[in-house]
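To keep things clear, I will list the structure first and then write my remarks on it.
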């Protein structure tokens, strides 16, 4: 402190002392003052907006003026869970299926790569691989998705390469398979990094001990490496799963007819039928809560 | 200690929620301005791509000092969302929106746009009579904007790959072109199917493609669900549509003249036609948002965009027809024969062949019925078709 205590006048000094005394006597007050700004930001930005969304999902919208009608009703949820017209259930199922497929693919692709980086590669190769994994994140996500539309298009590099090898066209442009490939590519770094962090923390001695006890490759992997890497896989899967669940730009640009995800419907209806958009946006929230509960149940957070 | 903090958190949460609750919007009684004041130095628009094309907007920026910030929308729903979202009235962000007939009434009834003093738009008195006070932007004699341009939604095809040349909309429902067809991602597309059914299935008794009873509507939706299996994709932005025809992924589809002009300029062998069943079309309006931060620049732009030379240039950039017939000689000067090409010399008969977009409402305009499908039903049906 730059305050010259000796020169401090009576009342000011008294105030300072009583304040510091108050903080000393009530530790919770000190903590409160420290946490006030981040807590307020958290409440205002996250909790309040989620709460507003939850509340609006139980209201309705006037179809002509797009005005919100504040009467409590389950109409929006009835539209979503309408078994006679399962449009929104179908789109939700497609979204969740896509998120699962992308997460599983990313986990399968990321694990060997992360293992190589953490345990086998030398420092130079490791930094090179890090740069290669992070490099795409430095460019705009839109640019990368647009370049994928070029790669997958019928006259694009992919078909050119396949034809050169004497293979037929892949026909991936504007299909759900194409969308799956693009999602897998875009979110891969978010899986590699946490898995790498988890694998890197496994001491080499544990692997040696497993070998000493007669555990061969597969056994060591199953009983030692995988359980210890689980928190990393869980963290990565939460990223890839939730990012896919909420995305609407990728389906817009690389999706075809019948590629709408939850995010597309929410974005289309966000102003003309805000209450329905709010109700539909609760679906990924609920799915995420269930998913995190499941992951926790599997014990993935215990080692964190 | 933990317990105490939790208690305090609850108090804190309550406090912040109260503070964060949006202040009730205070609506000022809007009075029509009697003259255009000094420009605010900026103008922010939600537009169809190319509606403030630099080829004619640069001069405006130089003359008035109003620098234009653009936000392109891909569909009428997106336009409505941009203006109505963010607290409504353009969210205090956007000044103008180039709304088509299927969004303009919604914006008026949602209270997102404000009345415009038409006396401040000198060229307005020269407009074609049909576009001076059309029902899609004038309610009870109050003008909510200035008509701009109009035109058809056309059928585009690749002349090298589609043979013989199509004459009917049946081409975009034809399994022959499976996987090569594109159509716009816009609920108003249901009207295109209804228009086609009006001519091909007279038993349905469709009178107006925007005023459909449940059986008529269901027939159009069923046709579009069939069509979905044949599509390459639904395009939202004109740039995506252009790209698909450039790569050859798409060879036929529903489009706007803008894309055709861009593709022809890029030497892609495409042609567009008005099929024998007729076409839907748009009639656009520059509308002033209720919370426009730069109203003077907005008025200056509406006045500028209505003048004959600017009308002519915009018409040729986008491929549409001006509302100001005095643009005719300017169009011919820019491109020989274009005035006749865009039917500005015979607008009445041409306009009759176009069924202009309008907001679907419950009240059918025919037979005094009140059971037509409204915009919300169109939006839901569109989600069930495309999703």
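Data table
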| item | result |
| --- | --- |
| Cα centroid separation, region A:112-126 to region A:189-263 (Å) | 16 |
| Förster radius 45 Å - calculated FRET efficiency between residue A:288 and residue A:25, Cβ distance, rounded to 0.05 | 0.60 |
| For chain A, calculated [θ]222 nm from helices alone, where every DSSP H run of n ≥ 4 adds -39500 (n - 2.57) | -22000 deg cm²/dmol |
| Cα point-scatterer Debye curve for region A:1-133, base-10 log of I(q)/I(0) at q = 0.09 Å⁻¹ | -0.77 |
| Projected label distance in nm at residue B:218 and residue A:36, using a 7 Å step from Cα toward the beta-carbon | 6.4 |
| Residue A:197-residue B:199 FRET efficiency (beta carbon distance; Förster radius 45 Å; 0.05 resolution) | 0.10 |
| Zone of residue B:142's modelled label, taken as backbone nitrogen in region B:263-304 under 18 Å from a point 7 Å along Cα→Cβ | B:286-292 |
| Proxy reagent accessibility, fewest Cβ within 10 Å first, across B:378, A:28 | A:28, B:378 |
| Value of [θ]222 nm, deg cm²/dmol, for chain B, DSSP H segments ≥ 4, -39500 (n - 2.57) each, nearest 500 | -11000 deg cm²/dmol |
| Rg/Rg_globular for region B:303-387, with Rg_globular taken as 2.2 N^0.38 Å and Rg from C-alpha atoms | 1.54 |
| Two-decimal Rg/Rh across region A:113-260, once Rg and the Kirkwood Rh are taken from alpha-carbon atoms | 1.08 |
| Sorted largest first, extent of region B:343-387 alpha carbons per principal axis (Å) | 41, 32, 11 |
| Highest-MSF residue in chain A out of A:67, A:208, A:200 [GNM, Cα springs under 10 Å] | A:208 |
| Residue B:59-residue A:79 FRET efficiency (beta carbon distance; Förster radius 41 Å; 0.05 resolution) | 0.25 |
| GNM result for chain B, Cα springs below 10 Å: residue of B:290, B:180, B:58 fluctuating most strongly | B:58 |
| Fewest-first ranking of B:364, B:66, using other Cβ atoms within 10 Å as the exposure measure | B:364, B:66 |
| Ranked list, fewest to most other Cβ atoms within 10 Å of each Cβ, for A:282, A:117 | A:282, A:117 |
| Beta bridge orientation in the protein assembly as shown: antiparallel %, DSSP, nearest 5 | 60 |
| Most mobile of B:181, B:156, B:274 in a GNM of chain B (Cα contacts under 10 Å) | B:274 |
| Cα→Cβ-extended label distance, 7 Å offset, between residue A:69 and residue A:160, nm | 5.7 |
| Volume per residue that the Cα convex hull of the protein assembly as shown spans, once the total is divided by residue count, Å³ | 256 |
| Where only alpha carbons of chain A are counted, the Rg and the Dmax (Å) | 26.3, 92 |
| Convex hull per residue volume in Å³, alpha carbons only, for chain B | 194 |
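No lab work stands behind these numbers, since they all come straight from the coordinates. All values derive from a computational prediction rather than experimental measurement. So basically every Cβ, Gly included, is an ideal-geometry build from the backbone, and we count neighbours across all protein chains shown.
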